[in-house]
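> Below is the structure I would like to discuss, written out as structure tokens.
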Amino acid sequence: MLEITVTSPEKTMALGRQLAPGLQPRDVILLDGDLGAGKTTFTKGLAAGLGIQRNVKSPTFTIIREYQGGRLPLYHMDVYRLEDGSGDELGLEEYFNGDGVNVIEWSQFIADELPSEYLRIVFKRDDAAGENQRTLTFEPHGAHFEALVRQVEANPDE
């Protein structure tokens, strides 16, 4: 586990860009935490690090947004609206076994659908310390994700 404090949206995006080179097809990254804490901002950095040129927007109302044109496709999911557990109807397994990177916001709503190996990043707002201060906690599950987190830990300011 690794905790990093960021003080700006640019730092949040930089962490996403830093993680991108180590990602592989079928990787699953869970982004959980407070509303407005930087989950989509992080995903924008991740997309940029993959070489995706399109503007990344929150998939709140569409549930899944697909981004092509980079080193790997990016599948950005916001499953908040699946509180009733209807994730199996989305064909998530096809995404998880596909050719891209899967980024999932509000993963607790599809916990039963998730693979055994993933990287969970918890975003916590710290408004008392400053309007843009956030703590990101990286929780790797599996050797590949443990190595990615070690890479971020070794170079937190890139």
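The values are calculated or read from the model by the stated rules, or taken from the named source; none is laboratory data. The shown structure was predicted, so the numbers you read here are calculated from the model rather than taken from an experiment. Just the protein is used for accessible areas: all its heavy atoms, side chains included, with ligands, DNA and RNA removed. Shrake-Rupley method; radii C 1.70, N 1.55, O 1.52, S 1.80 Å.
> How much of the accessible area of the chain, probe 1.4 Å, is carbon plus sulfur, in whole percent?
44
> Pick out which of 39, 57, 11 has the largest mean-square fluctuation in a Gaussian network model of the chain, springs linking Cα atoms closer than 10 Å.
Ranking 39, 57, 11 by mean-square fluctuation puts 57 first.
> Right, another one. If you take every DSSP beta bridge whose two residues both sit in the chain, what share of them, in percent to the nearest 5, is antiparallel?
Looking only at bridges with both residues in the chain, the antiparallel portion is about 55 percent.
> How much area per residue is accessible in the chain when the probe is 1.4 Å and only protein heavy atoms are counted (Å²)?
Value for the chain: 49 Å² per residue.
> Cα atoms only, the chain: Rg and Dmax in Å?
14.4, 42
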